[in-house]
Structure formats: C-alpha cells, structure tokens
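Just below is one structure, and these are the notes that go with it.
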Amino acid sequence: MKIIPLKYDFCVKEVMENETVRRHFISDVLSIPMKDIKSVRILNPFLWKRYKKQKLVY
C-alpha cells in the first residue's frame, strides 16, 4: 500500500469526509479532549477563486 501525503487537496478532502477522523484531527491539533467535541461538520468544502489568475478548486 502506498501512502499519499496530505499536502494534496484531494487527499485532505477524502480523509476529512470521515467525521471520526475530523474529530480526532481537531482534538490533536487544538489539544481538546475527544469527549469535549460533540460533532464536527464541514460547512463549505469548496474554495472559489477571487481573482482571474487564481486557481479554481472544485
């Protein structure tokens, strides 16, 4: 099995679709105990370009 680094947008998107993974990630990054995190949801996963030359992510 090959491990793909999470520096690629599509990898992060796929991993973060799992709520359990998101909860653990937030817990580790913010040093919040897991029991204090009730739920986690993604409000808007799309980044729209603001300038003509900016990359469109979809």
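Here, each number is a calculation from the coordinates, and none is a lab measurement. Small disclaimer: the values here were computed from a predicted structure and weren't measured. Cβ coordinates were reconstructed from backbone atoms using ideal geometry, including for glycine residues, and neighbour counts include every protein chain displayed.
A few comments on the model shown:
- The packing ranking, built from the mean of other Cβ atoms within 10 Å per residue, places the peptides 31-43, 10-22 in the order 10-22, 31-43, highest first.
- FRET efficiency for Glu19 and Trp48, using Cβ-Cβ distance with R0 set to 22 Å, rounded to 0.05: 0.35
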